[in-house]
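*Asks:* Got a structure here, written out as structure tokens. Questions coming.
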Amino acid sequence: MNLHIEDWFPVILSLRVAILVVIMVAALGLPLSRFMARNEFYGKDVLEALITLPLVLPPSVIGYGLLVLIGKNGLIGRYLDTLGINLIFTWYAIIMAAAVVAFPLFYQTAKAAFNSVDVNYEKAARTLGAAELRVFFTVTLPLALPGVTAGLVLAFARALGEFGATLMVAGNIPGQTQTIPVAIYYAVDRGYDVTARTLVLIITLFSFAVIWCANRWRKNN
């Protein structure tokens, strides 16, 4: 089987999902990782364990957990169903699955980056009258940017390669929910070796290019 024009859909969908996931984890993870890096409070260890739990859980467990939450009879899905909203077996479910597994990678890397920033620089900025938001965007974030960028690259790569949880909550619907990893599995299962090899080459080269560019950028900044 040769790679036809419709077979490029998994590539486009996977890239779209990965980009959106990076935006989501950055929006949620930056303030959270900054807060956790600078504050100590009761229950912090428990909260961090929950945040990083998807790193060690099998993808099938994550997928099942999402089904319990957003499935038609799930805790959130039941309410969404009354509004006529269904997330299961849609590309929105792919985004949720990819975000759950990618977020801990970004969080851990970003938190380490913020921990490496000398707090004296932040204190100096506050002494000069800078508000907290200005301190963050003009002092803390620029100093932590190499580590934050590394976290974004890891999150992007993880979202791009997510398979197990995606298969459980979004299935394998060609032209709708078929991402690159799912398409590869489908192609191998049916003996479409040319398609499988082509998709493997695409995701490998693209992932390599992203990591290489990020490393080059970090070295030059």
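The values are calculated or read from the model by the stated rules, or taken from the named source; none is laboratory data. Because the structure is predicted, anything quoted here is derived from the model rather than measured. All Cβ positions, even for glycine, are placed from backbone atoms using ideal geometry, and neighbour counts span all protein chains on display.
*Asks:* Every residue in the range 73-121 that is among the polar types (S, T, N, Q), in a helix (DSSP H, G or I) and more than 30 Å from Ile180 (Cβ to Cβ), please.
*Replies:* Thr82, Asn115, Asn120
*Asks:* Here's another thing I want to ask about it. Out of all the residues in the range 31-89, which are out of contact with any helix residue (DSSP H, G or I) (no Cβ under 7 Å at 6 or more places or on another chain) and hydroxyl-bearing (Ser, Thr, Tyr)?
*Replies:* Tyr42, Tyr79, Thr82
*Asks:* Is at least one residue of the range 37-57 of a type in the set (Gly, Ala, Ser), free of Cβ contacts under 8 Å to residues at least 24 places away in the same chain, farther than 15 Å from Arg158 by Cβ and part of a helix (DSSP H, G or I)?
*Replies:* yes
Here is a yes/no grid of residues against (1) modelled with pLDDT under 90; (2) more than 26 Å from Ile211 (Cβ to Cβ); (3) small (Gly, Ala, Ser):
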position: Arg158; (1), (2), (3): no, no, no
position: Gly171; (1), (2), (3): yes, yes, yes
position: Gly175; (1), (2), (3): yes, yes, yes
position: Ala187; (1), (2), (3): yes, no, yes
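*Asks:* Among (1) surrounded by 14 or more Cβ atoms within 10 Å (Cβ to Cβ); (2) hydrophobic (A, V, I, L, M, F, W, C); (3) closer than 18 Å to Ala26 by Cα, which single condition is Leu167 missing?
*Replies:* For Leu167, the exception is condition (3).
*Asks:* In the range 122-143, which residues are surrounded by 13 or more Cβ atoms within 10 Å (Cβ to Cβ) and not in a helix (DSSP H, G or I)?
*Replies:* Ala130, the sole residue that qualifies.
*Asks:* If you take the residues of the range 83-110 that are among the aromatic types (Phe, Trp, Tyr) and crowded, with 23+ Cβ neighbours inside 10 Å, which of them is nearest to Gly65 (Cα to Cα)? Let's see the steps before the verdict.
*Replies:* Our first condition is that a residue be among the aromatic types (Phe, Trp, Tyr); within the range 83-110, this holds for 89, 91-92, 103, 106-107.
Add one more test, that the residue is crowded, with 23+ Cβ neighbours inside 10 Å, and what stays is 103, 106-107.
Working: Phe103: 16, Phe106: 21, Tyr107: 20 Å.
Once the filter is applied, the top-ranked residue is Phe103.
*Asks:* Right, Arg134: out of contact with any helix residue (DSSP H, G or I) (no Cβ under 7 Å at 6 or more places or on another chain), free of Cβ contacts under 8 Å to residues at least 12 places away in the same chain and over 24 Å from Ile19 (Cβ atoms) or not?
*Replies:* Values: out of contact with any helix residue (DSSP H, G or I) (no Cβ under 7 Å at 6 or more places or on another chain): yes; free of Cβ contacts under 8 Å to residues at least 12 places away in the same chain: yes; over 24 Å from Ile19 (Cβ atoms): yes.
Yes.
*Asks:* Going through the range 156-202 one residue at a time, which ones are touching a residue at least 40 places away in the same chain (Cβ under 8 Å) and aromatic (Phe, Trp, Tyr)?
*Replies:* Phe156, Phe163, Tyr192, listed by residue number.
*Asks:* I've got another one for you. Across the range 38-66, what is the total count of residues that are more than 19 Å from Ala102 (Cα to Cα) and not acidic (Asp, Glu)? Talk me through it step by step, then tell me what you get.
*Replies:* Start the filter on the range 38-66 by keeping residues that are more than 19 Å from Ala102 (Cα to Cα), which leaves 38-46.
Checking which are not acidic (Asp, Glu) leaves us with 38-39, 41-44, 46.
Total meeting the criteria: 7.
*Asks:* Next up: Can we say Leu53 is out of contact with any strand residue (DSSP E or B) (no Cβ under 9 Å at 6 or more places or on another chain), closer than 22 Å to Val169 by Cα, of a type in the set (A, V, I, L, M, F, W, C) and surrounded by 18 or more Cβ atoms within 10 Å (Cβ to Cβ)? Spell out the reasoning first.
*Replies:* Details: out of contact with any strand residue (DSSP E or B) (no Cβ under 9 Å at 6 or more places or on another chain): yes; closer than 22 Å to Val169 by Cα: yes; of a type in the set (A, V, I, L, M, F, W, C): yes; surrounded by 18 or more Cβ atoms within 10 Å (Cβ to Cβ): no.
Spelling it out, it is not the case that Leu53 is out of contact with any strand residue (DSSP E or B) (no Cβ under 9 Å at 6 or more places or on another chain), closer than 22 Å to Val169 by Cα, of a type in the set (A, V, I, L, M, F, W, C) and surrounded by 18 or more Cβ atoms within 10 Å (Cβ to Cβ).
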